[in-house]
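First comes the structure, then the notes that go with it.
Bear in mind that the values in this text are calculations on the coordinates, not laboratory data. Just so you know, these numbers come straight off a predicted model, no measurement behind them. Positions of Cβ are backbone-derived with ideal geometry, glycine not excepted, and every protein chain shown enters the neighbour counts.
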Amino acid sequence: MASVLVFVAGLVLTIQAFIGLCFLLSSIWEKEKRASAFAVLQFLGMLGLLVLFLVLWKSRFYEAGPGAAVLIAGLILVAVAAFFLLRRTAPNEAALKGTMGHIVGQVKRYDEREVVFARNRSLRPGSEEYKTFYAQHPELEVYDTKRRERGGPLGQVGSIDKPADGPNVAAAMASLSIPMHVSLQGQVKPHPHPVVKGKRFELTPEQATERVKGYTLHLGADLVGITEINPLWIYSHRGEIFHENWEDWGKEIAVSDRRYAIVFATEMDFRMVGAAPHTPTVIESMFNYGKGAYIATQLAAFVANLGYSAAANHLRHYEALLVPLAVDAGLGEPGRLGYLMTKEFGPRIRLGAVTTDLPLVPDKPVDIGVEGFCRICKKCALSCPSQSIPTGGRMEVNGSLRWKLNAETCFDYWGKIGTDCNICMRVCPWSHARTFPPRLIVELVSRNKMARGIFNIMDDIFYGKKPKSKTPPRWAKFNFSGRK
């Protein structure tokens, strides 16, 4: 019996030392100096315990009464800790209901004309649309006028890294051209290709779902889910104009017979986001928006070729709010920072979607522990330079319970630095590269309430309450002398 207990104890100590070594290697790979230093101390402590155990075992310490008692007590302590950390605690029933689990009052459909991007990109000073909108929203005109004076939605793009911003701005703008190329009406709402025009392929919902999901992942998406569309998440009126189709501005968006949404996410590169708020992060944002536009238009064309109605939703054409659709499609939960939080990549993603009348099998919303984790963790709010993220609890906003981002002050900061910031995305504990230790931690956090508190504290210790920017890949560095 004693030999069995010794073997189990040795195995436990070996496993914890291995995990400590993996975390050390992961921290070094991530180029996290602070985390690496603490990881060294942690690993040495774990290794020291293993060595001490082996020395005592060699000296037959565990064969005597006191040694056996220490061994048994240690194993009991480990068993108790494992029970409380590894077990699945009660689920968040509200999260399992998706967006409906957060609705506590009357929800009005959102007007795209009021979205900060639409106001600052589309409204032309002196136009009838400009006069109409600001007559109804005079409180917004002062803010928006100041933004336009800075040069547009992002002000002087790349200004935070001047005078060496040129190559990164050029790369970001290259990716931005893709959504513009595929945003014409015939591309976002495609007609069937002549080869298959007039045909409708009859598929069961299960067959269609397998085809659609497989094709979406094949095109380059990292996550994909399906939901039956809640009309509340369809914009009420058109507000973004990109191809001089001003007759569409303010037009009511009808809730169509496209009942389903295929929602997908693409992962943003860990090292590029790590450089936030500098220009590498806007390269990565624009790259993923371009990738999302490519996937969405191809997917919409595929569905149209099957004989069904489809509309691509990407950076230059949205009919719906994608975060609520993604929540209902089971891709993740909304976080304190306002982004969708996924189990696989945290908030390091960009979303796209295709709405369609092709009958599909909807996915179910998920509970991955985000609400409980974000309630404790306030790292994004404490790190936000514009203080746009709330540090308090959730509140009712348009009938839904959530953390309310101050879009005006957030957007103002974007204009000052000339990038889309992404500091909140960078510092989020869920954003770590998905090496083995972070995967293990996310798994524990997603299923256990106690783990959420413990790993919040550990993240503060290893990475700091306000983690610093990381070095981007050499080709995207912004601190070099180059031609302006």
key: Stretchable slack from Lys197 to Met450, in nm (0.36 nm times residue separation minus alpha-carbon distance)   = 85.4 nm
key: Residues whose placed amide H lies under 5 Å from that of His237, excluding near-sequence neighbours   = Glu112, Arg113, Ile253
request  = Collect residues whose amide H, placed 1.01 Å from N in the peptide plane, falls under 5 Å from the amide H of Glu267; neighbours closer than 5 in sequence don't count.
outcome  = Asp222
task = Give, rounded to the nearest 20 debye, the magnitude of the charge dipole that region 105-219 has about its Cα centre when Lys and Arg contribute +1 at Cβ and Asp and Glu contribute -1 at Cβ.
result = 300 debye
message = Quick check: Cα centre of region 358-431 to Cα centre of region 168-209, how many Å?
response = 29 Å
query = Under a point spin-label approximation (7 Å from Cα along Cα-to-Cβ), what is the Gln185-His218 distance to one decimal in nm?
reply = 3.2 nm
ask   = To the nearest Å, what is the center-to-center distance of region 109-147 and region 225-290, using C-alpha atoms only?
value = 19 Å
Cα-centred dipole magnitude for region 385-468, charges only on beta-carbon of K, R (+1) and D, E (-1), debye, nearest 20 = 280 debye
remark   = Once both label points are put 7 Å beyond Cα along the C-beta direction, the Gln207-Glu141 separation in nm becomes 5.9 nm
request  = Taking the Cα centre of the chain as origin, work out the dipole magnitude from +1 charges on Lys and Arg Cβ and -1 charges on Asp and Glu Cβ, in debye rounded to 20.
outcome  = 1300 debye
inquiry  = Could you tell me which residue out of Ile229, Pro194, Met395 lies farthest along the dipole of the chain toward its positive end? Charges go on the beta carbon: Lys and Arg +1, Asp and Glu -1, centred on the Cα centre.
reply    = Met395
remark   = Karplus ³J(HN,Hα) for region 339-353 (6.51 cos²θ - 1.76 cosθ + 1.60, θ = phi - 60°; Hz, whole; x = Gly/Pro) runs 8, 6, 9, 10, 5, 6, 9, x, x, 6, 9, 10, 10, x, 7
Gained length - Glu228 relative to Ile28, 0.36 nm times residue gap less alpha-carbon distance = 67.6 nm
message = Past 20 Å, Cα to Cα: identify those pairs from Lys97/Lys379; Lys343/Lys378; Lys33/Lys468; Lys162/Lys465; Lys213/Lys343, in the order given.
response = Lys97/Lys379; Lys162/Lys465
message = If I stretch the segment between Val4 and Tyr130 completely, what's the gain in nm (0.36 nm per residue apart, minus their alpha carbon distance), one decimal?
response = 37.5 nm
remark   = With Cα coordinates, the longest principal axis of the chain makes an angle with the long axis of helix 449-463, in degrees rounded to 10, of 90 degrees
remark   = Calculated from DSSP helices alone, with each H run of at least 4 adding -39500 (n - 2.57) and the total divided by the residues of the chain, [θ]222 nm to the nearest 500 comes to -15500 deg cm²/dmol
message = Could you check the spin-label model distance between Val255 and Thr89? Points 7 Å from the Cα along Cα→Cβ, value in nm.
response = 3.7 nm
message = Could you derive backbone 3J(HN,Hα) for region 299-311 from the dihedral phi with the Karplus parameters 6.51, -1.76 and 1.60 (θ = phi - 60°), listing whole Hz in sequence and x where the residue is Gly or Pro?
response = 5, 4, 5, 4, 5, 4, 5, 6, x, 10, 6, 8, 9
request  = Sort by residue number and name the cysteines in the chain that have no neighbouring cysteine Cβ under 4.7 Å.
outcome  = Cys22, Cys374, Cys377, Cys384, Cys410, Cys421, Cys428
